[in-house]
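**Q** If you scroll down you'll find the structure; I have some questions about it.
No value in this document is a laboratory result; all are computed from the given coordinates. All values derive from a computational prediction rather than experimental measurement. With ideal geometry, Cβ positions are generated from the backbone for all residues, glycine too; neighbour counts draw on all protein chains shown.
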Amino acid sequence: MRIFIILTLVVFLSPMAYADAYCSLRDPVAQIKQLYPQKTNQLSIVKTVDARIRNLVKLSLPSNDLHFSELGQHTLYVAMKNTEVLGYVHVRSEQSKWGLVEIIWALDKNLQIKDFTFQRCRSPKKKVINNKDFKNVFIGKNFEELKTLLSSDGITANNMLLDKAEDASELASVVLRCALKTLLITDILWGEELKKFNL
Amino acid sequence: MGKVKVLWSTTMRFFATIIMLISVPSYGDFSDNLRVSLDGSARLNKNMAANHTSRIYALGLDTHKVFTSANGDIGYLVGQLYLTKLSNQTPFSSLFNSPDDKQYVIREAHLNYTSGPEWLPNIRVGHFTIPFGLEASIDTNGRLLDYYHGKNLGTKLDWGLGFNKVLSHVEYEFSYTMGGKNEPKKINNSYIFSGRIGSLSHHDFIIGLSFIDARIDNIQRKRIAIDWQYYWHTWGFLGEVAFGKDDKFQKEWQEETYSLLELHKTSLNEQFKFYGQYIFTNREGESKNQQLINVGVSYQIDAKLELSLSSRKQVNTPESGKKQDLFRLQLRYRY
């Protein structure tokens with residue numbers, strides 16, 4: 001019985017203890033290579049997305065919230081070529097009409113979108129990701145620039161993005177919301193620590 | 001009694017080390033990239049056929065630690081240690097000594113070295129799930145959902161060495177383990193040699209081929225299997241078909257065919273999941289095959305609390321005349 005009490009106290013009092021997070025790379029070694037073909041290794045940095053972060057997301061992106069599986073400990077991967085930092089990789093999930101969509105985001109050192117790919121997407125419209133015009137809307141943009149693509153409801157994309165999304169308007173909005181949350185959370189949670197890689 | 005003392009002392013040392021490493025600031029390097037969850041569950045089993053009720057309680061730590069150096073990640077460690085208490089549980093697993101026993105049970109406990117050169121597979125050492133069939137890519141530890149590794153192969157987890165890698169179009173895992181199940185040792189020349197090669201496990205359609213050659217509990221087993229997973233919208237259609245033979249008495253091989261089909265449906269936000277399974281087993285030497293149906297539902301009440309229910313019914317009447325009819329309920333809390 002004592003061990004039950006000790007375990008309970010230790011874990012409940014530990015700031016690191018948290019429920020499992022769903023969104024992570026299935027295999028970082030192989031999947032980061034897709035986005036950074038020249039990478040030789042990756043460095044993981046685990047941080048906790050908690051209620052404070054959730055509130056900051058709500059404040060910066062009104063009408064948006066984090067899915068319950070988005071709370072918990074998440075990993076940002078630093079893609080490396082030997083000791084040189086190439087950029088960052090982060091996975092986030094977003095709810096859609098076809099279930100959860102998991103997107104792997106590659107960010108450059110200035111926290112702008114470099115590239116992205118679906119880890120999981122059950123929508124029949126997922127081939128929109130192969131449309132260069134659609135992808136180019138995101139590439140090179142930071143949080144503030146991407147935020148201008150949101151329509152006034154704060155949830156759906158406006159015509160600047162939808163014009164490039166063919167008939168995948170719902171998925172385009174999902175990708176946009178996911179990009180915004182990724183950039184925002186990366187900056188809030190990891191921003192300070194990542195500054196050392198920009199020296 | 002001596003064995004119990006050794007296990008108790010090992011467990012205490014394990015916990016003391018973890019507690020120190022987590023709580024003392026000077027060990028900050030170890031706590032970096034460390035995930036710790038407290039995982040507690042209470043399970044009620046109602047065997048309708050035998051009019052018997054039992055309960056299983058588990059409380060443990062589920063840890064995941066990524067080891068890094070200045071040049072990047074070296075590998076990761078998974079450690080799951082649970083204090084498990086039975087209450088009126090019959091039949092009980094070989095890990096326990098009585099229907100009301102309590103034991104420390106190690107689930108996953110392994111280190112996967114991932115930073116070798118590109119041509120070198122990752123190297124896994126420790127106590128891990130046997131790479132075979134559906135169970136290899138779907139974690140069922142602590143859940144009512146099951147793909148019956150333990151029943152079909154003699155054990156779900158074992159101590160040993162494995163090689164794994166995800167390539168551009170396929171992933172594989174091969175392992176050689178000692179066959180001691182929860183204990184890191186060979187018992188009566190036990191061993192398990194198994195492997196699975198399959199398409200990438202995050203795709204909508206996944207197919208895998210597996211084999212196993214094992215000797216556990218003095219039973220020799222050989223199997224090959226094909227498994228698949230197909231996901232569309234919020235539906236999943238999964239299956240596993242295995243062919244092989246068992247030699248229980250060291251004199252005569254008996255052929256066995258096993259198949260499992262599963263259809264499941266999740267809600268859009270994945271809080272709710274419903275599944276149904278059909279399991280068919282045919283063993284040479286037995287006059288009747290075995291057909292089972294499992295239905296289950298799980299509801300993730302919030303990020304920490306999950307309620308699951310499942311029911312298992314036997315379709316055909318076995319030789320014993322008693323059909324399986326089991327209802328289970330589980331409440332699980334992860335913090």
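**Q** For a footprinting-style exposure proxy, rank B:Tyr76, A:Tyr77, B:Tyr230 by other Cβ within 10 Å, fewest first. Before the final figure, lay out each step's value.
**A** Numbers: B:Tyr76 21, A:Tyr77 28, B:Tyr230 14.
In order of increasing Cβ crowding within 10 Å: B:Tyr230, B:Tyr76, A:Tyr77.
**Q** May I ask for the net charge around B:Pro318, where only other residues with Cβ less than 14 Å from the Cβ of B:Pro318 are counted and Lys, Arg are +1 while Asp, Glu are -1?
**A** Numbers: positive: B:Arg283, B:Lys288, B:Arg312, B:Lys313, B:Lys322, B:Lys323; negative: B:Glu286, B:Glu319, B:Asp325.
After counting each charged neighbour, the total is +3.
**Q** Additional query: Which cross-chain or sequence-distant (5 or more) residues have an amide H under 5 Å from the amide H of B:Lys181, H modelled 1.01 Å from N in plane?
**A** Those qualifying (amide H under 5 Å, at least 5 residues apart or on another chain) are B:Trp159.
**Q** What does the C-alpha gyration tensor say about the overall shape of region B:33-334? Classify as rounded when a/c is under 1.5, otherwise prolate if a/b is larger than b/c, or oblate. Before the final figure, lay out each step's value.
**A** Working: a/c = 1.34, a/b = 1.17, b/c = 1.14.
Judged from the Cα gyration tensor, region B:33-334 comes out rounded (a/c under 1.5).
**Q** Expressed as a rounded percentage, what relative contact order does chain B have, with Cα pairs under 8 Å and six or more residues apart? Mind showing how you got there, number by number?
**A** Numbers: 825 pairs, mean separation 38.2, N = 335.
RCO, chain B: 11 percent.
**Q** Using Cα centres only, tell me the gap between region B:44-77 and region B:178-246 in whole Å.
**A** What the calculation gives is 20 Å, centre to centre.
**Q** Using each residue's phi in region B:137-149, evaluate 6.51 cos²θ - 1.76 cosθ + 1.60 at θ = phi - 60° and report the 3J(HN,Hα) Karplus result to the nearest Hz, with x for Gly and Pro.
**A** Taking θ as phi minus 60°, the curve returns 10, 10, 7, 10, 4, x, 10, 6, 4, 8, 10, 6, 4 Hz for region B:137-149.
**Q** So for each of A:117-123, A:55-61 I average, over its residues, the number of other beta carbons within 10 Å; can you give me the resulting order with the highest mean first?
**A** Packing proxy ranking, top to bottom: A:117-123, A:55-61.
**Q** List the residues, sorted by chain then number, that are 5 or more residues from A:Lys141 or on another chain and whose placed amide H is less than 5 Å from its amide H.
**A** Result for A:Lys141 returns A:Ile113.
**Q** Here's another thing I want to ask about it. For chain B, which longest stretch is free of loop sites, where a loop site is one of the GluC sites (Glu not before Pro) that DSSP puts outside H, G, I, E and B and that has at most 15 other Cβ atoms within 10 Å? Write down the numbers at each step before the final one.
**A** On the way: sites that count: B:Glu118, B:Glu252, B:Glu284, B:Glu286, B:Glu319.
Free of exposed loop sites, the longest segment is B:119-251.
**Q** Moving on to the next point. Per DSSP H run of n ≥ 4, the term is -39500 (n - 2.57); total these for chain A, divide by its residue number, and report the mean residue ellipticity at 222 nm rounded to 500 deg cm²/dmol.
**A** -9000 deg cm²/dmol
**Q** Run the quick spin-label model on B:Asp213 and B:Arg283: label points 7 Å from Cα toward the beta carbon, then report their separation in nm to one decimal.
**A** About 2.4 nm separates the two model spin labels.
**Q** Can you give me the distance in nm between label points at B:Gln291 and A:Lys81, each placed 7 Å from the Cα along the Cα-to-Cβ direction?
**A** According to this spin-label approximation, the distance is 6.1 nm.
**Q** Let me ask something else about it. What ³J(HN,Hα) values, in whole Hz, does the Karplus curve 6.51 cos²θ - 1.76 cosθ + 1.60 give for region A:63-75 when θ = phi - 60°, with x put for Gly and Pro?
**A** For region A:63-75, the Karplus-derived couplings read 6, 10, 9, 9, 4, 4, 6, 7, 7, x, 8, 10, 10 Hz, x marking Gly and Pro.
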